[in-house]
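See below for the structure under consideration.
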Amino acid sequence: MPEYRYDLFADYFQFYLQDEQAEGDLSKSWTPQATEDRLALAPSTIGVGTARNMTVPVTVVVRDSPPATDDFDQWDHICECSIDIPSGRLVVAGCTDYFRDAARIQIAPGEYRARIYHGDLDALSADELDGDDHYQVVLWPASYAEPEVIKRHHDA
């Protein structure tokens, strides 16, 4: 089960995952509902809302099947969505990162489900510049399904 760890600059309180060939334009996707859900979607692109506008730790795990069990208690906010990755190259980046230099994960081309976990969202300094918030994205092959919030953070 490959696992990838990054420290991403979450400028504008977000980072994204997208197919390498996707346009990746989330500018119209951050609606009030998307902001509340901490999840914005565009074709072959996922925008993940973060608690801080700073560098945050992100782990991406690629699996062959959905997680069998989860300890949802250790996470503050959990959502799921689908993403199509036809090129087989998933870009993981902060929204203002230089696209050519952004991290890439080679995976089998196709449709995936993404479960996005947000942890320690309340562990921020008073100025919200420092914190222990962290994020994990688990991907597995799956047909398209509607996005959903599995667990909502109390202030989201």
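The values are calculated or read from the model by the stated rules, or taken from the named source; none is laboratory data. The shown structure was predicted, so the numbers you read here are calculated from the model rather than taken from an experiment. Cβ sites come from the backbone with ideal geometry, for glycine too, and all protein chains shown count toward neighbours.
Observations, loosely collected:
- Positions within the stretch 30-62 being crowded, with 17+ Cβ neighbours inside 10 Å and hydroxyl-bearing (S, T, Y), in sequence order: S44, T45, T50
- For the stretch 37-44, the criterion of being closer than 15 Å to Q136 by Cα and without any contact (Cβ under 8 Å) to a residue 40 or more places away in the chain is met by no residue.
- Residue match in the stretch 93-112 (condition: among the β-branched types (V, I, T), buried (at least 20 other Cβ atoms within 10 Å of the Cβ) and touching a strand residue (DSSP E or B) at 6+ places or on another chain (Cβ under 7 Å)): no
- Answer residue from the stretch 1-29, given it is without any contact (Cβ under 8 Å) to a residue 60 or more places away in the chain and not in a loop (DSSP other than H, G, I, E, B) and is surrounded by the most Cβ atoms within 10 Å (Cβ to Cβ) among those: F13
One line per residue, one yes/no per condition, for (1) under 24 Å from D133 (Cβ atoms); (2) modelled with pLDDT of 95 or more; (3) under 13 Å from the mean Cα position of the chain (by Cα):
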residue	(1), (2), (3)
G24	yes, no, no
L41	yes, yes, yes
A51	yes, yes, yes
T59	yes, yes, yes
P66	no, no, no
D70	yes, no, no
Q74	yes, no, no
C81	yes, yes, yes
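- Taking the stretch 99-142 as the range and being without any contact (Cβ under 8 Å) to a residue 40 or more places away in the chain and farther than 21 Å from A40 by Cβ as the test, the residues that pass are R100, D101, Q106, A108, P109, G110, A123, S125, A126, D127, D132.
- Members of the stretch 113-143 that are surrounded by fewer than 12 Cβ atoms within 10 Å (Cβ to Cβ) and within 18 Å of I85 (Cβ to Cβ): S143
- Restricting attention to the stretch 4-37, the residues that are closer than 21 Å to I85 by Cα and β-branched (V, I, T) total 0.
- Filtered residue count, the stretch 63-74, keeping only those that are surrounded by 13 or more Cβ atoms within 10 Å (Cβ to Cβ) and acidic (D, E): 1
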